[in-house]
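Taking it in order: structure first as structure tokens, then the write-up.
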Amino acid sequence: MSQRPKATRVETSELEMPPTTLSKKQFQQVKNLTKDDGHFNLVRNFNLADVITLCNGACGALSIFSNLRYLISHDQYYLKLAMWCIPLGFTFDAFDGRVARWRQTTSILGQELDSLADAISFGVAPAVLAFVLGMQSFLDTVVLTCFVCCGIARLARYNATVAILPHDSTGKVAYFEGTPIPTTLALVAVLAYLNSVGKVNEHLPGGLIEIVPGYSLHAMVIMFGISGALMVSKSLKIPKL
């Protein structure tokens with residue numbers, strides 16, 4: 001069992017003023033989430049932007065399950081569905097923030113939901129797609145696992161530092177530290193192209209590279225390693241459009 005120290009919980013009813021880390025609106029949202037013990041309290045506190053963010057996560061989950069269905073049936077329909085679900089998730093990811101600003105609704109759940117959904121749609125789903133298309137050696141899975149972990153770490157760093165990053169007049173951060181995790185769409189596009197020309201599984205470009213006797217990896221998996229490294233880079237600053 002983890003021995004990580006636990007934060008001391010303070011009942012919201014005991015607080016008259018919001019903690020310095022929360023705005024008054026965010027503090028009211030926390031109170032709404034904790035004071036009501038009724039069923040579906042969490043769902044009742046979702047706003048439209050939160051629902052759109054959940055649609056992003058749903059697309060990522062559907063992509064993963066479609067990949068698994070492809071492994072069972074070998075039906076290209078499921079493989080193509082798995083690929084298309086990822087850019088569809090990006091569409092939802094691009095609109096949730098715009099909807100929140102349009103409706104002038106900020107949710108304390110929104111940032112956490114966004115990161116969790118992004119980890120599924122742009123971290124786990126592309127890695128599973130790579131595995132399904134042939135990157136299945138032990139070292140391949142090590143690289144793909146590191147790729148997913150880099151994405152999770154990058155999202156956690158953003159959540160921890162977003163409050164102190166420079167913001168523009170609309171409230172958006174001026175730049176990202178490291179490549180944003182949705183840039184993994186480029187990897188999905190490469191895999192989709194390779195699948196369309198039949199360059200998958202044993203025909204992956206570059207073939208297998210033997211690192212040590214008995215342990216090889218596919219040359220194509222290196223792009224996932226590079227993507228993961230770029231996501232956790234501190235010096236790389238990407239302007240937010």
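The values are calculated or read from the model by the stated rules, or taken from the named source; none is laboratory data. Since this is a predicted model, take the numbers as computed values, not measurements. Every residue, glycine among them, receives a Cβ derived from its backbone with ideal geometry; neighbour counts consider all protein chains shown. Remember, those area values only see protein heavy atoms, side chains included, never the ligands or the DNA or RNA. Shrake-Rupley method; radii C 1.70, N 1.55, O 1.52, S 1.80 Å.
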Distance (nanometres) between label positions extended 7 Å along Cα→Cβ at residue 212 and residue 146: 1.4
Using only the heavy atoms of the protein chains and a 1.4 Å probe, how would 240, 234, 199 rank by accessible area, largest first? 234, 199, 240
How far apart, in nm, are the 7 Å Cα→Cβ label points at residue 157 and residue 222? 2.3
Sequence of 137, 235, 73 when ordered by accessible area, the most exposed leading, probe 1.4 angstrom: 235, 73, 137
What FRET efficiency do you get for residue 175 and residue 75 if R0 is 45 Å and r is their Cβ-Cβ distance, rounded to the nearest 0.05? 0.60
Candidate residues 184, 91: accessible-area rank, largest first, probe 1.4 Å: 91, 184
Can you list the residues, at least 5 places off or on another chain, whose amide H is less than 5 Å from the amide H of residue 209, using H built in the peptide plane? 217, 218, 219
Pairs of Cα atoms under 8 Å, at least six residues apart: use those to get the relative contact order of region 194-241, whole percent. 21
Simple spin-label estimate for residue 98/residue 61, 7 Å along Cα→Cβ, in nm, reads 2.6
What full-extension length gain, to one decimal in nm, is calculated for residue 91 and residue 186 as 0.36 nm per residue of separation minus the Cα-Cα distance? 32.7 nm
